[in-house]
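One structure is given here, and the rest of the page talks about it.
What follows draws every value from the coordinates through simple rules; no lab data is involved. Everything numeric here is computed off the predicted structure, so don't read it as measured data. Note that we place each Cβ from the backbone using ideal geometry, even for glycine, and neighbour counts take in every protein chain shown.
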């Protein structure tokens, strides 16, 4: 008998008569790829799928089942030479043997040929690379390899020798349709069977051979058939007792890496047992190599039951070890499951702090499923776990009341003077409370809570929160957002800088959100050198692409858009604000997004479209858009867009209705309107006498531009020092847009001061129209115009203003002349059009 199995053309290995046809796999195998690799456990149907494909393909098939006797490179070459057709002597050099002869024969093939190597995991590295080099040079030949474990066919660098297509273990599993046909059941039962078995082919075959019909009610009974099969496989595998006990202990958790496997079993050689388990289909290593190993669900369930019978006293400690391993591997949900299964809510608190952000954002629904049935009386003992569940329940309308109840329990525990909570737990709870207050539109209160949390964080020794340092940067970042939204912007920038430094010190990627916020806020503030620095960190960093497309990158796109506008590249700015689209209805940063969209539209010369876009944003957000802090945030874009449209009246109305009086930004907007009204002296007085000071470099530069323009109207010579100071500010901060916010005539005058040669980098046009033709009424005429709006007669108005009727008529004629009106009605219409009527 030959020491290797070669299947001549027309002869294939025998497979079960009960095999289910799987066209999906046949199509996957009929590929042009030079190498197709099927790697999955024994029993996963590799050979059956290959036989079905080989029976259908038009290619010539040479099938070799690898045994230890042909696992070396030279032996495999000899096997191939005996299996391959003889080459034309004209194509073979005299004396050629081994791989040179194999290569010659493959090159001589003039019709499609497929080499199939089954059970090929034992082939050594030398043989694998030699075979792949030979196939890669043969135009008409391709190779299909089936292995039941990692092998040299998975070697790094092999992809440089030959193009490879991988048919993964998941692709070999039966899908719902295949199960339905194999067991002759309905789709619902097929789906339940798929859930119970994972679609493992050998298990599906075991169910099919059971004979009785499989339906939803009998699926539980079918589990015994599956477990009998698994037990037979375990016996066949012949694990030594220590290895089998190791697998029992590993079954306490869903997956392990090698350090955790060693910690659970105390066996430094446990990797060998895991390799053997993969070979027989009890589990598998992750696709990326040996970073983690997971038992199949059915195997895990069976082994867990045996673990409870064999080692009941060890289960609790094994869960704690596994939970710590899950935390170390950044799998907090698994750690939380283990803690809850052991009814150890103290451990659950530790896991919660270790994986707060992942649990809250990625695993929210699973957290609810896991903790939803824990009694409130138990949750009161661990307020942070109560806070986690409350935060996860809050978005669910049906369960929001319970969520709020849990939030109140946690906050009360953290606020108590004689609290039993650690400082770290209180920081986490206050951070969550602060985020909740932001979400319900209470930014000032959110900032107060955030400030309290940060004060406690600052005074708490690092040793107390060191083990949770991975999540601390994100926690501090969210506290900074609360400070920023509550008006404590310098404090926010400071804590974001601390958060990014902390993340960098601990070598994790949780600096991303803070860097994005710093980039965006510096760009909004007009500190462009700092903004460009942080933008470069994002552009050049090795970040997960999913982060760049997530809501956390919002302020990065804000920064890119603002910088692009300053650079005169509105097209690039529009590309970045398109990122906002999926988050318009949900993002808490929507007012910033709306303001930046308006800014880009303003500089694109599309103020009408920008205003409509902004108001559509407001309509989309519904009631929350009516909050005072929201209206205040939108004053600037609304005023500028109305001015760009020449609608001074609407701009003034927005300012009077929504602006906060004790803000320098409000003073600046009033000065801007006074400049448009031609009241240069009022501009100088407003900006010079206010006790308020600019809060950002952008405000400072915009105020300097307005001040310079006002002085120009009084005396160009008097404006020169102011223009020089403005130039210094613009150059230092890298700004150009403060000039653009002047009316067309003021823009030209100030720009000429800054760039007398016309060769500078300043913008060439203003974003606002010319207001030079706008009627300019004296202060007395404005009083008369205001009186006209009452609709009273001339005698009544004269009496109210304490002037004679003749004097009043003289003033009316002057007003009509300036407005181009012939009567009171026309005067009112023109005054309204030019924004001269009082609000």
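With Rg and the Kirkwood Rh both taken from Cα atoms, where does Rg over Rh land for region 579-627?
Details: Rg = 10.5 Å, Rh = 10.9 Å.
Reported Rg/Rh, Kirkwood definition of Rh: 0.96.
Throw me the Rg/Rh for region 238-310, computed over C-alpha atoms with Kirkwood Rh, two decimals.
Working: Rg = 10.9 Å, Rh = 11.9 Å.
Across region 238-310, the Cα-based Rg/Rh ratio is 0.92.
With a Förster radius of 25 Å, plug the Cβ-Cβ distance of residue 111 and residue 81 into 1/(1 + (r/R0)^6) and report the FRET value to the nearest 0.05.
Details: r = 19 Å, r/R0 = 0.76.
My answer for the efficiency is 0.85.
So for the chain, averaging the separation of alpha carbon pairs under 8 Å that are six or more residues apart and normalising by length, what relative contact order in percent results? Walk me through the intermediate numbers first.
Working: 1209 pairs, mean separation 46.0, N = 839.
Over the chain, the number comes to 5 percent.
Rg to Rh for region 396-521: what is it, with Cα atoms only and Rh by Kirkwood? Don't skip to the end; give the middle numbers.
Working: Rg = 14.6 Å, Rh = 14.9 Å.
Taking Rg over the Kirkwood Rh, I get 0.98.
Would you mind checking the tilt of helix 590-603 against the longest principal axis of the Cα atoms of the chain, expressed as 0 to 90 degrees and rounded to 10?
Helix 590-603 sits at roughly 70 degrees to that axis.
Compute the acute angle (0 to 90°) between the alpha-carbon long axis of helix 46-56 and the principal axis of greatest extent of the alpha-carbon atoms of the chain; round to the nearest 10°.
90
If I take every Cα pair under 8 Å that is 6 or more residues apart in region 238-310, average their sequence separation and divide by the length, what percent do I get for the relative contact order?
On the way: 81 pairs, mean separation 25.2, N = 73.
Relative CO of region 238-310 lands at 35 percent.
May I ask you to derive the relative contact order of region 248-395, considering only C-alpha pairs under 8 Å and at least 6 residues apart, and to give it as an integer percent?
19
For the chain, what is the mean residue ellipticity at 222 nm derived from helices alone (per DSSP H run of n ≥ 4: -39500 (n - 2.57); sum divided by total residues; nearest 500 deg cm²/dmol)? Could you put the intermediate results ahead of the total?
Working: 46 runs with 513 residues, N = 839.
Computed mean residue ellipticity for the chain: -18500 deg cm²/dmol.
In degrees between 0 and 90, to the nearest 10, how far off the longest principal axis of the chain does helix 297-310 point, with axes built from Cα atoms?
That works out to roughly 70 degrees.
From the P(r) of the chain, can you give the percent of Cα pairs sitting at distances over 45 Å?
Details: 178253 of 351541 pairs.
Value for the chain (Cα pairs over 45 Å): 51 percent.
Over every pair of different alpha-carbon atoms in region 315-421, take the mean of 1/r and invert it; report that Kirkwood radius in Å. Walk me through the intermediate numbers first.
Details: mean 1/r = 0.0728 Å⁻¹.
Radius from the Kirkwood sum: 13.7 Å.
Could you put 800, 566 in order, starting from the residue whose Cβ has the fewest other Cβ atoms within 10 Å? Don't jump to the answer; show the numbers that get you there.
Values: 800 12, 566 21.
So the ranking, lowest neighbour count to highest, is 800, 566.
Considering only DSSP beta bridges where both residues belong to the chain, give the percentage that are antiparallel (nearest 5).
30
Give the distance, in whole Å, between the Cα centre of region 701-758 and the Cα centre of region 493-526.
Comparing the Cα centres of region 701-758 and region 493-526, I get a distance of 33 Å.
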